[in-house]
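Colleague: Would you mind keeping the following structure in view while I ask a few things?
The values are calculated or read from the model by the stated rules, or taken from the named source; none is laboratory data. Remember, it's a predicted structure, so these values are computed and weren't measured experimentally. Here the Cβ is made from the backbone with ideal geometry for all residues, glycine too, and neighbour counts use every protein chain on show.
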Amino acid sequence: MIDTKHQIIFNAEDCVGCKLCYKACFVDVIRWDEEKNQPVFKYVEDCEHCFWCEALCKKKCIKVIPDFASEKLLQTFDRYL
Amino acid sequence: MDMYGHENLRADILIIGGGVAGLTAAISLKEINPELDVLIVEKQTAGYSGKACRGGGVLQYFDFDKITPEQFVEYHVHNIGCHLGDQELLLKYVSMNNHMLDKLVEWGAKLPKRADGSYAVIPTGPMTGIIGVDLDITIRLRRTAEKMGVRFLDKVTVSDLLTAGDKIAGATGYSILDGTFYTFNAKSVILATGSQNYRIGPMWGSGRGDGIAAAYRAGAEMRNPEFGNFAQLVRVRSHREVVYGENYMYNQLDEHITKNFRSGPEPDISSTAIAEWFMQMSMARGPIILKPENHGGSLESMWDRPFGSPFWKLNEEWADKVDEDWEVCPMFIGEQSPVKVDHSMQTTIPGLYAIGDASYCGSAAPGAVPAPPGRNRGSGILNAVFAGIVCAQSAAENANNNSLPPIDKTQVEDCMTRAYAPLLRESGCDAKDVIRYIQKAVGPMERSVYMSDHRIVTALRYVEKAKELAGSMKASDFHDLLACHEANAMVLSAEMQFRAAAMRTESRGWFLREDYPEMDNKNWLKWIIVKKEGDTMKFSTEAVPYDKWPIKPNV
Ligand SMILES: Cc1cc2nc3c(=O)[nH]c(=O)nc-3n(C[C@H](O)[C@H](O)[C@H](O)COP(=O)(O)OP(=O)(O)OC[C@H]3O[C@@H](n4cnc5c(N)ncnc54)[C@H](O)[C@@H]3O)c2cc1C
Ligand code: SF4
Ligand code: SF4
């Protein structure tokens, strides 16, 4: 989807820098900050809310909040535009 | 031009894409010859990317004590592939089913078993069953491949293929992290880059067709591009798909509208269900709701899949928060997979192979249906495994029999110029401006699934708009540069999809036209072939050689 307004909340305090979330993202939302040894949620507008980053984080630092209303069904009837 | 650095890499075999198809091919190559130097280049992270690890986690199963592969093929040809499928290839796929499951287990994948050691199979019909697979399947395959000495290069996207004469010579690409340009030189190249899904269905969002586009630009033929129009019913708030929901569709008059398009059980959703939805909505009898007799229940109790369970749980929890009722609407998914391959998965460019979702319809095995799932649940992963195993033999032989082909420097320069162009442009439009037009063409069901000449023309007008804009895309960084290349690939895929759809003046299998509702065996037992000739997209047809196969159509 494009033009979505999903959010990702990240708790940097508990992050242990395991890099799993960075590897898990299949559409390059998450980048790696070498200096801080932490993920950067750089392209959140491209998130496909697959929840892999959140599900894989053992420290529970990540919360993905999908905004379904911003995802378009693209049909020609008003209620599904 | 080397503004971001340049690296040259060599390998016996270059695999592009580290999903289940690419990983299977890599492992199979090492099994054939451990000495082969195999490199996987992946635009995200191999093993974690792709679709097998985000899917439903089911594999198709055939119980050969109850049916023969020939019986399934016969059923498929009549009910799904509608005589457009390659019966020989399909038979080979079905026959290898049990062997592939055993191979996956050998390579580390977790398939649930019963206490007696047999696979925990759930029957889905008289012919087929399904069996679970945990979602760490590709991570486990990556580990196995690493142990066998396969090399990996992550976060590097391949933008073009290189040829030497009429043969493959390698590929070019760039790092999406720092822009480093890569030239790959290889004896065999395996394209395992997945399908085209136009960034619509969230979970299908990684299939963006740039591998298909690279093959097309290099001169490879495409087949069946019009079968890139899969759609699925989804709940209208969470957009979660409801597999088999087409059996319980009701309109606002409380009529069971499934009866209007289906007289008995069918294997999976059909395009006639989508057409019925559209007609009901047009007559103001919608919205359409599902009244599931049985909500499907959970397979978790039967199948122990601990890795995937937190992922499925999060998905379900969020859906439950927003789904208030069972109102449904179709969502376009796509799954265009048109790279044409022969029985060893070789494309029309010698030394270039295409496997998995990049070439499912291009292989012609599924026939008149977009694949996966091709109205054949659990066939996506196994087709990728099948193609990976099958291609390895020929790709290894090709590598053994040839030396490294020469690299043409001018070709590399051209690829580099093309790749960086959106970055170097002073100003221009956004990749998403292009994608928005493409989504207007493919998204609405009446344009892409329940088609007519007039509506295909409308869709093509949007594609033209997108094409005009695509020449002026401006990228702000390397992530955005990738989006520009993907947008270009979407323009290309949509153009071949609709132009081929305009040609096919009939309805067959999933392919459904309001203005040509009948199957036309006299004129359309043909595949549509697309090829780049100069700057034109050239379309032709190839007769389906049904004379060679046991199950004949009525002509
Ligand atoms: C939601 C969902 C549910 C599904 N459920 C099932 C199921 O239950 N059972 C089943 O059998 N199948 C299922 N499928 C289908 C199945 O997952 C796919 O058919 C299969 O995973 C395809 O594998 P692949 O390796 O061919 O392609 P992909 O998995 O798409 O892998 C392609 C890889 O190539 C990479 N890539 C793409 N372009 C480039 C490039 N230019 N350069 C470098 N790398 C590139 C991608 O990042 C990706 O990693 C499902 C799919 C989805 C999305
Ligand atoms: S998975 Fe969690 S702990 Fe690991 S790097 Fe990401 S946020 Fe940090
Ligand atoms: S939810 Fe999926 S797509 Fe979104 S950031 Fe996490 S891994 Fe990436």
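Colleague: Looking for whichever is within 13 Å of chain B (Cβ to nearest Cβ), within 8 Å of ligand 2 (Cβ to nearest atom), within 13 Å of residue A:64 (Cα to Cα) and within 13 Å of the chain's Cα centre (by Cα) here; the options are A:47, A:21. Which one fits?
Modeller: Going through A:47, A:21 in turn, just one is within 13 Å of chain B (Cβ to nearest Cβ), within 8 Å of ligand 2 (Cβ to nearest atom), within 13 Å of residue A:64 (Cα to Cα) and within 13 Å of the chain's Cα centre (by Cα): A:21.
Colleague: Which one of the conditions (1) farther than 30 Å from residue B:412 by Cβ; (2) in a helix (DSSP H, G or I) does residue B:134 fail to meet, given that it meets all the rest?
Modeller: All conditions are met except number (2).
Colleague: May I ask you to list the residues in the stretch B:85-131 that are in a strand (DSSP E or B) and either without any contact (Cβ under 8 Å) to a residue 60 or more places away in the chain or not small (Gly, Ala, Ser) (or both)?
Modeller: B:113, B:119, B:121, B:122, B:123, B:130, B:131
Colleague: Let me ask something else about it. Restricting attention to the stretch A:22-30, does a residue exist that is in contact with a Leu (Cβ under 9 Å, 6 or more places away or on another chain) and more than 7 Å from ligand 3 (Cβ to nearest atom)?
Modeller: yes
Colleague: Tell me the residue from B:40, B:67 that is farther than 30 Å from residue B:551 by Cβ and either in contact with a Gly (Cβ under 8 Å, 6 or more places away or on another chain) or assigned by TED's automatic domain parsing to the domain that holds residue B:192 (or both), please.
Modeller: After applying the criteria, what remains is B:40.
Colleague: Can you name the residue in the stretch B:372-387 that is more than 8 Å from ligand 1 (Cβ to nearest atom) and modelled with pLDDT of 95 or more and is also farthest from residue B:93 (Cα to Cα) among such residues?
Modeller: Across the stretch B:372-387, the extreme among qualifying residues is B:385.
Colleague: Now for a different question. Please verify whether residue B:7 is in contact (Cβ under 8 Å) with a residue 24 or more places away in the chain and surrounded by fewer than 24 Cβ atoms within 10 Å (Cβ to Cβ), treating the condition exactly as stated.
Modeller: For residue B:7, the condition - in contact (Cβ under 8 Å) with a residue 24 or more places away in the chain and surrounded by fewer than 24 Cβ atoms within 10 Å (Cβ to Cβ) - is met.
Colleague: Right, here's the next one. Check whether at least one residue in the stretch B:423-431 is in contact with a Gly (Cβ under 8 Å, 6 or more places away or on another chain) and either basic (Lys, Arg) or surrounded by fewer than 17 Cβ atoms within 10 Å (Cβ to Cβ) (or both), and report yes or no.
Modeller: Within the stretch B:423-431, not a single residue is in contact with a Gly (Cβ under 8 Å, 6 or more places away or on another chain) and either basic (Lys, Arg) or surrounded by fewer than 17 Cβ atoms within 10 Å (Cβ to Cβ) (or both).
Colleague: Please tell me if residue A:16 is more than 9 Å from chain B (Cβ to nearest Cβ) and within 21 Å of residue B:156 (Cα to Cα).
Modeller: no
Colleague: Any idea how many residues of the stretch A:9-19 are surrounded by fewer than 17 Cβ atoms within 10 Å (Cβ to Cβ) and within 14 Å of ligand 3 (Cβ to nearest atom)?
Modeller: Residues in the stretch A:9-19 being surrounded by fewer than 17 Cβ atoms within 10 Å (Cβ to Cβ) and within 14 Å of ligand 3 (Cβ to nearest atom): 2 in total.
Colleague: Residues that are closer than 30 Å to residue B:285 by Cβ and either within 8 Å of chain B (Cβ to nearest Cβ) or free of Cβ contacts under 8 Å to residues at least 40 places away in the same chain (or both): does the stretch A:50-66 have at least one?
Modeller: no
Colleague: Using the structure shown, decide if residue B:476 is within 14 Å of chain A (Cβ to nearest Cβ) and in a loop (DSSP other than H, G, I, E, B).
Modeller: So residue B:476 passes the test.
Colleague: Tell me which residues, restricted to the stretch A:38-66, are part of a strand (DSSP E or B) and either in contact with a Cys (Cβ under 9 Å, 6 or more places away or on another chain) or surrounded by 21 or more Cβ atoms within 10 Å (Cβ to Cβ) (or both).
Modeller: Passing the criteria: A:38, A:39, A:41, A:62, A:64.
Colleague: Being buried (at least 24 other Cβ atoms within 10 Å of the Cβ) and among the hydroxyl-bearing types (Ser, Thr, Tyr) is the filter; apply it to the stretch B:175-205 and report the residue that is nearest to residue A:70 (Cα to Cα).
Modeller: Going through the qualifying residues, I end up with B:198.
Colleague: Count, please, the residues in the stretch B:208-225 that happen to be over 21 Å from residue B:55 (Cα atoms), under 13 Å from the mean Cα position of the chain (by Cα) and assigned to a loop (DSSP other than H, G, I, E, B).
Modeller: Going through the stretch B:208-225 one residue at a time, the tally reaches 2.
Colleague: Now, a different point. If residue A:42 satisfies all but one of (1) touching a residue at least 60 places away in the same chain (Cβ under 8 Å); (2) closer than 17 Å to residue B:178 by Cα, what's the number of the condition it fails?
Modeller: (1)
Colleague: Something else: Enumerate the pairs (first residue in the stretch A:19-36 and more than 15 Å from residue A:63 (Cα to Cα); second residue anywhere and within 8 Å of ligand 2 (Cβ to nearest atom) and assigned to a loop (DSSP other than H, G, I, E, B)) with beta-carbon separation below 8 Å, excluding pairs fewer than 6 apart on the same chain, so at least 6 apart or on different chains.
Modeller: A:32/A:19
Colleague: Sticking with this one: So, in the stretch A:24-37, how many residues would count as being under 10 Å from the mean Cα position of the chain (by Cα), part of a loop (DSSP other than H, G, I, E, B) and either of a type in the set (A, V, I, L, M) or away from chain B (no Cβ under 13 Å) (or both)?
Modeller: Residues in the stretch A:24-37 being under 10 Å from the mean Cα position of the chain (by Cα), part of a loop (DSSP other than H, G, I, E, B) and either of a type in the set (A, V, I, L, M) or away from chain B (no Cβ under 13 Å) (or both): 2 in total.
Colleague: In the stretch B:346-362, is there at least one residue being in contact with a helix residue (DSSP H, G or I) (Cβ under 8 Å, 6 or more places away or on another chain) and free of Cβ contacts under 8 Å to residues at least 60 places away in the same chain?
Modeller: yes
Residue by residue, here is whether (1) of a type outside the set (A, V, I, L, M, F, W, C); (2) within 12 Å of chain A (Cβ to nearest Cβ) holds:
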{"site": "B:323", "(1), (2)": "yes, yes"}
{"site": "B:354", "(1), (2)": "no, no"}
{"site": "B:365", "(1), (2)": "no, no"}
{"site": "B:376", "(1), (2)": "yes, no"}
{"site": "B:387", "(1), (2)": "no, no"}
